[in-house]
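Here the structure is laid out as structure tokens; the discussion comes afterwards.
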Amino acid sequence: MPKFVYDFTEGNKDLKDLLGGKGANLAEMTNIGLPVPPGFTITTDACRHYLAEGAVPDGLDDEVSRHLKALEETMGRKLGDPADPLLVSVRSGAKFSMPGMMDTVLNVGLSDDCVDGLAAQLGNERFAWDAYRRLIQMFGKTVLGIDGEHFEHALDAAKQAKGAASDTQLDAEDLKKLTATFKDLVHKYAGREFPQDPREQMDLAVLAVFDSWNSDRAVLYRRQERIPADLGTAVSVVAMVFGNLGDDSGTGVAFTRDPGTGAQGVYGDYLQNAQGEDVVAGIRNTVPLQELEAIDKTSYDQLMDIMRTLENHYRDLCDIEFTIERGKLWMLQTRVGKRTAGAAFRIATQLVKQGMIDLDEALTRVSGAELSRLMFPRFDTSGEGIKRITKAISASPGAAVGKAVFDSATAVAWAARGEQVILVRRETNPEDLNGMIAAEGVLTSRGGKTSHAAVVARGMGKTCVCGAEELEVDAKAKTFAAPHGVTVREGDVISIDGTSGAVYLGEVPVVASNVVQYFEGELAPDCDDLVAAVHTLMIHADARRRLGVHANADNGPDCARARRFGATGVGLVRTEHMFLGERRQLVENLILAETDEARQAALDTLEPLQRGDFAEILEAMDGLPVTVRLIDPPLHEFLPDLTDLSVKVALAGDKATEQDRKLLEAVHRLHEQNPMLGLRGVRLVLVIPGLLDMQVSAIARAAAQLVKAGKTPKPEIMIPLTATVQEMEISRERAERVLRAVAEETGVLVDIPIGTMIEVPRAALTAGEIARSAEFFSFGTNDLTQMTWAFSRDDVEGAFFAPYIDMGVFGVSPFETIDIGGVGRLVKIAAAEGRATRPGLKLGVCGEHGGDPASVWFFHDAGLDYVSCSPFRVPIARLEAGRAGV
Ligand code: ADP
Ligand code: MG
Ligand code: MG
């Protein structure tokens with residue numbers, strides 16, 4: 001019989017799969033002797049069973065009863081005891097933190113029978129009735145599915161009847177009446193009575209928490225954060241402690257370091273005389289945690305002590321929830337805290353300096369995704385006419401520009417039509433999640449670094465400024481008022497700086513981030529502490545990685561940048577990029593040539609131009625390998641569009657030019673139903689042989705020219721779209737003939753390896769044969785993905801990827817992260833069989849996946865020699881390759 005329930009004394013922090021992060025860490029804190037209210041956790045196994053079968057597993061009931069009994073004994077109180085009732089919270093908590101996305105019910109166990117007992121025990125009648133009405137409200141909303149507004153309206157009405165500004169002004173009598181009203185609301189909207197049996201309350205709450213795993217917002221959040229959909233949540237049942245028993249009580253949240261910068265210090269918010277959910281909801285204004293020292297020094301000192309213990313224990317930044325009940329401190333939650341990208345790098349290197357972790361471990365604490373965030377541009381406010389309207393809390397860094405919108409639906413609608421928007425709210429709640437995802441950035445006028453907006457934005461890497469109290473946000477009127485009579489309306493452009501907290505009117509220009517300037521060599525590694533941290537970890541990543549990192553680049557400046565960013569080669573030169581612009585005409589001439597002489601003449605004009613391009617690239621990459629891919633796309637891509645041209649010729653009638661008529665003929669001749677599967681790649685090279693001769697000759701002569709100038713060019717020739725060894729053999733033979741001719745003509749012999757792309761499934765499956773003739777392979781994972789899945793990247797992403805991701809066909813687009821099971825398998829087969837034929841065969845990848853963090857790990861595992869990606873992704877690939885190498 002599997003075990004479905006763990007007492008806090010039985011679990012530990014490594015059991016997150018089973019107990020969820022919250023349950024595992026509550027157990028861990030219990031076991032290191034911190035003050036945690038007793039409780040137990042029901043496992044994710046039980047949740048998965050319930051979600052799959054529609055019923056909880058056999059035996060769960062008994063197990064819960066046993067643990068509840070133990071809890072009652074420890075507490076010296078019983079659930080539902082009329083004289084002295086035990087109250088519990090029933091809390092969600094999955095393996096990965098999903099802040100506020102699932103449900104939690106507090107004060108479970110109160111009923112008509114025991115509310116007086118609770119009042120007597122605590123000597124506080126008002127409190128007991130407040131707790132009871134809160135239970136009915138939370139239970140009604142989350143367990144019975146009643147619209148929360150009904151309760152809020154009733155609460156507002158009660159306040160109005162009393163002339164009270166805040167609910168704290170309602171007395172015991174008022175709350176007693178309100179409780180009765182709430183019970184009526186339950187009867188009316190749920191068609192049943194509020195359950196008076198405390199155990200029934202608890203059991204229903206547990207099922208509601210299980211169900212909240214599949215709530216809309218939880219599903220959306222998981223998709224956004226790429227959290228698997230089948231993990232399920234655990235449920236922790238925790239003895240209640242009360243932060244709302246008076247001014248000697250309160251509740252708060254804190255970080256052991258600043259999650260925005262990584263700086264050490266006291267970071268948190270405290271709310272006197274309040275229950276936990278009041279803080280996160282941002283309903284009342286909190287005070288900075290430092291002020292707790294003056295309010296309750298003993299608890300404050302103990303809290304500081306606990307925070308140090310937690311940092312030393314977890315060897316990382318932790319965030320915590322705590323409550324003080326009449327001067328006694330209780331820990332209600334901890335986890336290794338979410339942090340900004342900059343803080344991740346800073347904290348990792350700080351912990352190394354403090355001797356808490358070594359450099360290898362520091363590498364595991366940062367990611368390529370975080371590095372890419374540090375490479376985003378930042379605002380340049382040095383210019384004229386920059387108008388700052390306020391400065392507030394920098395909650396999540398970045399520079400975001402967009403039109404102000406005041407509700408989630410508008411954010412989604414405007415973003416869908418391609419507009420950049422900034423979501424402006426007084427405060428956000430989980431219902432704003434869609435809008436936050438759609439927006440470039442989020443601006444709120446209430447709440448601190450631990451508010452919903454701040455926590456969620458940081459998790460998503462989205463720019464956020466919060467607590468801008470100078471702004472009067474009016475969501476109904478869709479405006480906000482700023483100091484000095486400024487009013488911003490829906491659609492007005494604003495700029496928000498999540499690094500400094502500044503908010504600007506209009507669009508502020510952006511400049512390269514310091515980290516990019518450092519990679520460019522424009523800033524020294526010690527220019528600031530963030531760059532220094534990045535520098536330290538990049539050096540270590542380079543030392544640890546086995547994978548080489550090359551760049552995809554088609555011209556001298558891109559190559560030079562790639563080199564500055566740390567690329568040790570060019571893995572893909574796309575030669576067709578050299579045929580665009582004014583050279584298009586020359587390609588047109590080639591296609592339209594009617595005689596061999598005319599064709600040769602066209603090729604002869606193209607050759608020196610190509611040679612010049614290659615010389616520039618080879619010079620920029622002197623001493624490093626440069627893989628040049630011969631022309632790949634179908635030729636019609638260089639000709640005008642069929643419809644446009646037909647219309648043009650038709651409109652011109654008799655006056656149509658001879659050139660246009662011929663062009664139209666050629667366009668008709670070259671037209672293909674499925675160009676991606678047509679005359680392209682090696683097929684072109686074989687059918688129009690002059691092309692290969694021209695390109696190979698241009699490469700070889702460029703190299704010879706550089707050798708004569710004392711350089712060390714290292715070009716490689718790559719044949720695209722090969723599917724059979726025969727194609728490879730024919731192209732190789734032709735290329736070698738040209739290479740010999742150039743060597744003879746120039747008197748310089750450059751060793752130029754000839755290899756192929758592996759981007760057709762047949763090539764991957766016959767790689768053992770192809771390797772007889774190919775000196776290297778480069779996996780073209782874009783085409784390989786298209787052809788393996790039989791979908792065209794250009795057409796399908798908009799057509800059906802969103803529903804496919806919704807339905808869980810795949811978690812992420814296979815064009816973004818390599819599909820390990822299918823495309824990845826082909827890569828592995830080709831690598832193994834290629835190397836069986838030709839030991840030491842050089843293997844690389846030049847598709848988009850070369851710069852994708854998750855894919856880099858796969859290529860590392862598959863034993864490839866290098867990945868190649870766009871220059872800007874080179875540092876990201878270096879870092880991830882280093883992480884994979886640890
Ligand atoms: P979330 O994951 O949304 O933060 P939690 O389960 O942490 O949900 O609970 C919501 C709020 O209720 C938190 O502020 C938490 O500290 C508070 N809370 C939970 N359990 C208890 C308890 N046993 N006693 C007092 N407060 C609690
Ligand atoms: Mg919590
Ligand atoms: Mg391709």
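Could you list all residues from the range 440-450 that are hydroxyl-bearing (S, T, Y) and either under 20 Å from the mean Cα position of the chain (by Cα) or part of a strand (DSSP E or B) (or both)?
The first filter runs over the range 440-450 and keeps only residues hydroxyl-bearing (S, T, Y), leaving 444-445, 450.
Scanning the range 440-450 gives T444, T450.
For E594, the stated conditions do not hold, so it cannot be described as part of a helix (DSSP H, G or I), over 25 Å from A881 (Cβ atoms) and either free of Cβ contacts under 8 Å to residues at least 12 places away in the same chain or more than 29 Å from the chain's Cα centre (by Cα) (or both). Got at least one residue in the range 144-165 being surrounded by 14 or more Cβ atoms within 10 Å (Cβ to Cβ), closer than 30 Å to V64 by Cα and either away from ligand 1 (no atom under 16 Å from the Cβ) or free of Cβ contacts under 8 Å to residues at least 40 places away in the same chain (or both)? Among the residues of the range 144-165, at least one is surrounded by 14 or more Cβ atoms within 10 Å (Cβ to Cβ), closer than 30 Å to V64 by Cα and either away from ligand 1 (no atom under 16 Å from the Cβ) or free of Cβ contacts under 8 Å to residues at least 40 places away in the same chain (or both), which makes the answer yes. Against the numbered list (1) surrounded by 14 or more Cβ atoms within 10 Å (Cβ to Cβ); (2) under 19 Å from L691 (Cβ atoms), E594 comes up short only at (1).
Of the residues T181, T251, T286, T233, which single one is β-branched (V, I, T) and either on the phi > 0 side of the Ramachandran plot or away from ligand 1 (no atom under 15 Å from the Cβ) (or both)?
Details: T251 fails: either on the phi > 0 side of the Ramachandran plot or away from ligand 1 (no atom under 15 Å from the Cβ) (or both); T286 fails: either on the phi > 0 side of the Ramachandran plot or away from ligand 1 (no atom under 15 Å from the Cβ) (or both); T233 fails: either on the phi > 0 side of the Ramachandran plot or away from ligand 1 (no atom under 15 Å from the Cβ) (or both).
One residue alone meets the criteria, T181.
Residues in the range 196-216 that are surrounded by fewer than 18 Cβ atoms within 10 Å (Cβ to Cβ) and in a loop (DSSP other than H, G, I, E, B): 4 in all. Take the conditions (1) in the same structural domain as N589 (by TED's automatic domain parsing); (2) buried (at least 16 other Cβ atoms within 10 Å of the Cβ); P689 misses just one of them, which is (2).
Filter the range 78-117 down to residues that are of a type in the set (D, E, K, R), more than 15 Å from V206 (Cα to Cα) and touching a residue at least 12 places away in the same chain (Cβ under 8 Å), then give me how many there are. Walk me through it before giving the result.
Going through the range 78-117, the residues of a type in the set (D, E, K, R) turn out to be 78, 81, 84, 91, 95, 103, 112-113, 116.
Remaining after also requiring more than 15 Å from V206 (Cα to Cα): 78, 81, 84, 95, 112-113, 116.
If we keep only those that are touching a residue at least 12 places away in the same chain (Cβ under 8 Å) too, we end up with 81, 84, 95, 112-113, 116.
Total satisfying the criteria: 6.
Restricted to the range 19-56, and to residues there that are more than 16 Å from ligand 1 (Cβ to nearest atom) and under 24 Å from M240 (Cβ atoms), the residue that is surrounded by the fewest Cβ atoms within 10 Å (Cβ to Cβ) is G33.
Check the range 77-94 and report whether any residue there is farther than 25 Å from R192 by Cα, over 36 Å from the mean Cα position of the chain (by Cα), within 16 Å of ligand 1 (Cβ to nearest atom) and not small (G, A, S).
Looking for residues that are farther than 25 Å from R192 by Cα, over 36 Å from the mean Cα position of the chain (by Cα), within 16 Å of ligand 1 (Cβ to nearest atom) and not small (G, A, S), one finds at least one in the range 77-94, hence yes.
Residue pairs whose Cβ atoms lie under 7 Å apart, sitting 6 or more positions apart in sequence or on different chains, and linking a residue in the range 527-544 that is farther than 17 Å from D358 by Cβ to a partner that is small (G, A, S), are L530/G342.
Among T298, T309, T323, T390, which is within 16 Å of ligand 2 (Cβ to nearest atom), of a type outside the set (G, A, S) and either assigned to a strand (DSSP E or B) or surrounded by fewer than 20 Cβ atoms within 10 Å (Cβ to Cβ) (or both)? Give the steps one after another, and end with the answer.
On the way: T298 fails: within 16 Å of ligand 2 (Cβ to nearest atom); T309 fails: within 16 Å of ligand 2 (Cβ to nearest atom); T390 fails: within 16 Å of ligand 2 (Cβ to nearest atom).
Exactly one residue qualifies, and that residue is T323.
Within the range 286-295, the only residue that satisfies the criterion of being more than 14 Å from A274 (Cα to Cα) and in a strand (DSSP E or B) is P288.
Inside the range 809-858, can you point out the residues that are in a helix (DSSP H, G or I) and either among the polar types (S, T, N, Q) or not assigned by TED's automatic domain parsing to the domain that holds F565 (or both)?
Applying the first criterion (in a helix (DSSP H, G or I)) to the range 809-858 yields 823-837, 848-851, 853-858.
Result: T837, S855.
Checking each residue in the range 57-87 for being surrounded by 14 or more Cβ atoms within 10 Å (Cβ to Cβ) and among the basic types (K, R) picks out R77, K78.
Quick check on G355: is it assigned to a loop (DSSP other than H, G, I, E, B) and over 15 Å from the mean Cα position of the chain (by Cα)? Here the answer is yes, as G355 does meet what is asked.
Inside the range 797-811, can you point out the residues that are under 22 Å from A229 (Cβ atoms) and without any contact (Cβ under 8 Å) to a residue 60 or more places away in the chain? It would help to see each step written out before you state the result.
Residues of the range 797-811 that are under 22 Å from A229 (Cβ atoms), as a first pass: 797, 800-811.
E797, F800, F801, A802, P803, Y804, M807, V809, F810, listed by residue number.
If you go through the range 525-546 and keep only what is within 19 Å of T568 (Cβ to Cβ) and outside any helix (DSSP H, G or I), you end up with R545, R546.
Selection of the range 88-114 for residues being farther than 18 Å from T233 by Cβ and surrounded by 22 or more Cβ atoms within 10 Å (Cβ to Cβ) yields N107, G109, L110, C114.
Taking the range 455-471 as the region of interest, how many residues are of a type in the set (A, V, I, L, M) and in a loop (DSSP other than H, G, I, E, B)? Walk me through it before giving the result.
Start the filter on the range 455-471 by keeping residues that are of a type in the set (A, V, I, L, M), which leaves 455-457, 460, 465, 468, 471.
Those still in the list that are in a loop (DSSP other than H, G, I, E, B) too: 468, 471.
Final tally of qualifying residues: 2.
Among the residues of the range 866-884 satisfying the criterion of being under 9 Å from A567 (Cα atoms) and not hydrophobic (A, V, I, L, M, F, W, C), which is surrounded by the fewest Cβ atoms within 10 Å (Cβ to Cβ)? The selected residue is P871. Considering the range 323-345, the residues that are touching a Leu at 6+ places or on another chain (Cβ under 8 Å) and small (G, A, S) include one that is nearest to ligand 3 (Cβ to nearest atom), namely A341.
Among the criteria (1) more than 16 Å from ligand 1 (Cβ to nearest atom); (2) more than 19 Å from the chain's Cα centre (by Cα), the one G268 does not fulfil is (1). Within the range 392-424, the set of residues being at pLDDT below 95 and of a type in the set (K, R) comprises R417 only.
The values are calculated or read from the model by the stated rules, or taken from the named source; none is laboratory data. Please read these numbers as outputs of a predicted model, since none were measured by experiment. Virtual Cβ from ideal backbone geometry, glycine too; neighbours counted across all protein chains shown.
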